[in-house]
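These notes are about the structure you will find just below.
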Amino acid sequence: MDKTSAQYNASLTEDKLYKYWLDNKLFKSTPDNREPFTIVIPPPNVTGVLHMGHIMNNTIQDILIRRARMQGKNACWVPGTDHASIATEAKVVNKLAEEGIKKQDIGREEFLKHAWDWTHKHGGIILEQLKKLGASCDWDRTKFTLDDNLYKSVIKVFTDLYNEGYIYRGIRMINWDPKAKTAVSDEEVEYKDEKSKLYYVKYKIVDTDEYITIATTRPETIIGDTAVCVHPEDPRYKHLKGKKAIIPLVNRTVPIIFDDYIDIEFGTGALKVTPAHDENDYMLGQKYNLEIIDIFNDDGTISKEVGIYEGIDRFELRKSIIKDLEKSGNLVKIEDYVNRVGYSQRTNVPVEPKLSMQWFLKMKELVKPAIENVKNNTIRFSPERFKNTYFHWMENVRDWNISRQLWWGQRIPAYYLPGSNDFVVAETPEKALELAKEKTKNKNLKQEDLKQDEDVLDTWFSSWLWPISVFNGILEPDNPEINYYYPTNVLATGHDIIFFWVARMIIAGYKFRNQYPFKDVYFTGMVRDEKRRKMSKSLGNSPDPLDLIKKYGADGVRFGMMLCSPAGGDLLYNDSLPEQGRNFANKIWNAFRLVKSWQPDENTKQPEHSELALKWFENKFNEQINELDKLYDNFKLSEALMTVYRLFKDEFSGWLLEIVKPDYQKPIDAKTYKNITDIFDNMLRILHPFMPFITEEIWLQLKERKQGDSIMISKMPEAKDFDAGLLADFEISKEIISQIRNIRKEKNIPFKTGLQLLYKDENNSYVKNYESIIIKLAGIDTVSETKEKPGGASSFVIKKTEYFIPLGNLINKEEELKKLKDELKYTEGFLNSVMKKLGNERFVNNAPAQVVEKEKAKQADAEAKIKALKEQIKNMSR
């Protein structure tokens, strides 16, 4: 008897095996003659911690990379983290504030020291946590978006794009985040429908007793109004041409302008124009040369430019201004209104449209190859439906605001000339000085005469280079690594960052290497709770992934996350998912214990039932490998897992092991034992990408192995031909066994009581070649053909062949007759419903042919069953 432990200990096994993999450098990849298979990790925030979305996304990547490695490819999974400028800077600012230190007081250099200290202290935790999941990244390749080469790559790209005319600096209406005190791009603004108010406010017409009423959702911006606009065809206001209005509270006299931009139907048909705080108003301001008054400070309080309300927060001002408008008699009425409000995704505060001097990247030309090569399927999306989202954004793309008013990040390489807004752009201060001397014709300029731009670049401006920069393909575009590993094979990422990251990486790939960055994009869904709510700490509905790994094991968690994770579809999480994974791991372990408990004997002859079962399973395995490969090719990983799960649980454990299992305390023949261990080995291999730890633990023990051996570098089984007829015959034998087992259960006949099986075969569908298996698994003493239907027997029909189990004194005749009559009544009712469907001309003429054929097959089976039941009742009633 083998001493294999009764319980599988996940925590001990996982730590031990991960160390074994690292010690033997099994994740390491260097360029060689093999076909490369490359994935770059979507870099998480450097100071982030593992959440359920990371678990799902990285499990998917690990499945793909482990399978590729076992297919003999040179699998390279590059890990790394993102500097996350807004999020990280906010954390450092808060930490300093707790110590009574203000960012501005200590200056840029000192602040960056604190930021690096914070990053070194908290950074990389998430990568260590990914190891607990079993992530097989090449950790020697770990990258950080502020690493020297990656930083320099970003600066080079900025400089090159500027020199090519793609990057420009200008005053534009941008989205301002008052909490982070920086601009954010259009894609970083999330719009929410909110129950709001529509405020009607009247403005006095100069030199008359008349008023014009406007409707606004933002009364706090009234103090920045510099015009009132109406439609030229609006009869209500035609008499106001050439007139002026007075802005309440600030008593500013402004022109009434006429423009067909106005929607006559909205509100009163009169619009307040605030050029500094609304994009459309800004365009009107440019068109009519209106004054621009910026009413907000960077933190969302009111600026001194206005002359009143200085220092008041914007939302407090809304309350104050309504009271003041009421007092002044200018507030006409307030109505309920549903308004779309833009929120910063980073800080979750409403953004302010604000005019600001920023750096922009022209996008119209750059997106063209990125659109074309998704349209023509050079790059494949799974699921395909996300193409529509992608095209909508790409075809309506706006210039990308790439500057951020922060210190943590890649500093914009623009250097301003002394006493001027003119500048030069260069990769290094030294090169900038050369250019400045040329531009000014002043050879005496010194480095300290130039002032570098204070802003940093948008974090995504470094992330869009990730598949290239991790292989140093920007600084050394012809180096061996970039030429070998790029383009990468698959990107697995959430569909929520299709604009921020996926689209921009494709743009960068074509711009900087004239090639796609990845062949396939696998979009994951969101992990939600059972109420379909997004998981978050504030809702208390997000479990700690490390706690789940401790409780259910990494394999259990991986299995649970993949069990129902259709590409692009949301995963509704509950703890029963990893629990099913843990239970399956125990099932695998118990199967291993069973096999290891058998004693092989060279002198024992292989039984016929074992030989037949092994032949059947070889064909079944090949059938399933063919199916599995198709599922992988189409990124149907959830279905792939279910295919492997059913093959192991139902076919391997439920049928094969039961058939070949030796009698109690008897040895197993050596030939069958070797075949079973080989099959078990192959089963572990196809399971390995999903459940790496338990499969490695069993694989190392299943046969004699040497130091450094690992299932992860063993060969993945390849698809071979299979005999579909043989498989169909075996399914019939399984059904016969199941029916006999049902009869035993219904009649309470113990397995040790041998039964006789008779069959009446008029169409040659009895599978005589599998008789030895039926005898073993159904507890049959004899099998014989009969021309007559025996009395006092239970029967069933499979493929029009009738089977009988003579019961003799084993049953209560009256009870059995009642059961048969009940079953006959039910089957007649079922046949009636099928006949109604087949009697419906519309159904027969319009339904697909295979659906109609299926109903006809149901009719034939029911008719055969009714005939058999009537015969049984007749025979039993004698």
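The values are calculated or read from the model by the stated rules, or taken from the named source; none is laboratory data. The structure displayed is predicted, hence computed values, not measured ones. Don't worry about glycine lacking a Cβ; one is built from the backbone with ideal geometry, like all the others, and counts go over all protein chains shown. Just so you know, the surface numbers come from the protein's heavy atoms only, side chains and all, with ligands and any DNA or RNA stripped out. Shrake-Rupley method; radii C 1.70, N 1.55, O 1.52, S 1.80 Å.
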With r as the distance between the Cβ atoms of residue 348 and residue 318 and R0 = 25 Å, compute the FRET efficiency 1/(1 + (r/R0)^6) and round to 0.05.
0.85
Can you tell me the accessible area per residue over region 693-772, all protein chains present, probe 1.4 angstrom, in square angstrom?
52 Å²
Considering Cα pairs under 8 angstrom that are at least six residues apart, work out the relative contact order of region 363-491 and quote it in whole percent.
22 percent
Relative contact order for the chain: what is it in percent, counting Cα pairs under 8 Å that are at least 6 residues apart?
12 percent
Dipole of region 142-213 [Lys/Arg +1, Asp/Glu -1 at C-beta], most positive-end residue of 206, 163, 142:
142
Among the lysines in region 1-121, how many pairs, 8 or more places apart or on different chains, have alpha carbons under 19 Å apart?
15
Whole-percent carbon and sulfur share, accessible surface of region 588-700, 1.4 Å:
44 percent
Set of aspartates and glutamates near residue 244 by C-alpha distance (under 16 Å), chain-local residues within fewer than 8 positions excluded
207, 209, 210, 225, 259, 291
Counting Lys +1, Arg +1, Asp -1, Glu -1, what net charge surrounds residue 114 among other residues with beta carbon under 13 Å of its beta carbon?
0
I'd like to check one number: the per residue accessible area of region 136-213, probe 1.4 Å, reported in Å² as a whole number.
45 Å²
Heavy-atom accessible area order for 752, 534, largest first, 1.4 Å probe
752, 534
Whole-angstrom gap from region 212-250 to region 707-769, using each part's C-alpha centre
83 Å
Nearest-0.05 FRET efficiency for residue 627 and residue 877 at R0 = 35 Å, using Cβ-Cβ distance, is 0.10
How large is the dipole of region 585-651 about the Cα centre if only Lys and Arg carry +1 and Asp and Glu carry -1, each at its Cβ, rounded to the nearest 20 debye?
340 debye
Roughly how big is the chain's charge dipole about its Cα centre, with Cβ charges of +1 (Lys, Arg) and -1 (Asp, Glu), in debye to the nearest 20?
1840 debye
What distance in nm separates the two pseudo spin-label positions at residue 707 and residue 530, each 7 Å out from Cα along the beta-carbon direction?
5.1 nm
Excluding residue 37 itself, what net charge comes from residues whose Cβ is under 10 Å from its Cβ, given Lys and Arg +1 and Asp and Glu -1?
+3
Report the calculated FRET efficiency for residue 741 and residue 391 (r = Cβ-Cβ distance, R0 = 56 Å), to the nearest 0.05.
0.50
Averaged per residue, what accessible surface does region 338-402 expose to a 1.4 Å probe, in Å²?
47 Å²
Compare the Cα positions of 419, 65, 664 along the charge dipole of the chain (+1 at Cβ of Lys, Arg; -1 at Cβ of Asp, Glu; about the Cα centre) and return the one farthest towards the positive end.
664
Please list 37, 266 in order of solvent-accessible area, largest first, computed with a 1.4 Å probe with all protein chains present.
266, 37
Ignoring solvent entirely, what values of log10 I(q)/I(0) come out of the Debye formula for region 51-155 at 0.17, 0.18, 0.22, 0.25 Å⁻¹ when each Cα is a single scatterer?
-0.91, -0.97, -1.19, -1.34
Find out how many positive minus negative residues lie around residue 367, taking Lys and Arg as positive, Asp and Glu as negative, among other residues whose Cβ is under 13 Å from that of residue 367.
+3
Highest first, please rank the peptides 309-320, 647-658 by the mean number of other Cβ atoms sitting within 10 Å of their residues.
647-658, 309-320
Of 614, 700, 644, which is farthest on the positive side of the dipole of region 605-705, counting Cα position, with +1 on Lys and Arg Cβ, -1 on Asp and Glu Cβ, and the Cα centre as origin?
700
Lys, Arg +1 and Asp, Glu -1 on Cβ, resulting dipole of region 43-160 about Cα centre, debye, nearest 20:
520 debye
With a 1.4 Å probe and all protein chains kept in place, how do 139, 21 rank by accessible area, largest first?
139, 21
Suppose we keep just the DSSP beta bridges with both residues in the chain; what percent of those would be antiparallel, to 5?
70 percent
Take peptides 334-346, 53-65 and line them up by average Cβ neighbours within 10 Å, highest first, as a rough protection proxy.
53-65, 334-346
Tell me the mean residue ellipticity at 222 nm calculated for the chain from its helices only (DSSP H runs of n ≥ 4, each -39500 (n - 2.57), averaged over every residue, nearest 500).
-13500 deg cm²/dmol
Whole-percent carbon and sulfur contribution to the accessible surface of region 290-355 (1.4 Å, no ligands, DNA or RNA) stands at 45 percent
If you roll a 1.4 Å probe over region 176-283 with all protein chains in place, what percent of the accessible area is carbon or sulfur?
46 percent
If the cut-off is 16 Å between C-alpha atoms, which lysines fall inside it for residue 243, apart from same-chain ones fewer than 8 positions away?
202, 204, 272
Could you pull out every one of the lysines with an alpha carbon less than 16 Å from that of residue 837, ignoring same-chain neighbours closer than 8 positions?
854, 856, 858
For region 476-582, give me the percentage of DSSP beta bridges that are antiparallel, rounded to the nearest 5 percent.
10 percent
If you take every DSSP beta bridge whose two residues both sit in region 709-846, what share of them, in percent to the nearest 5, is antiparallel?
65 percent
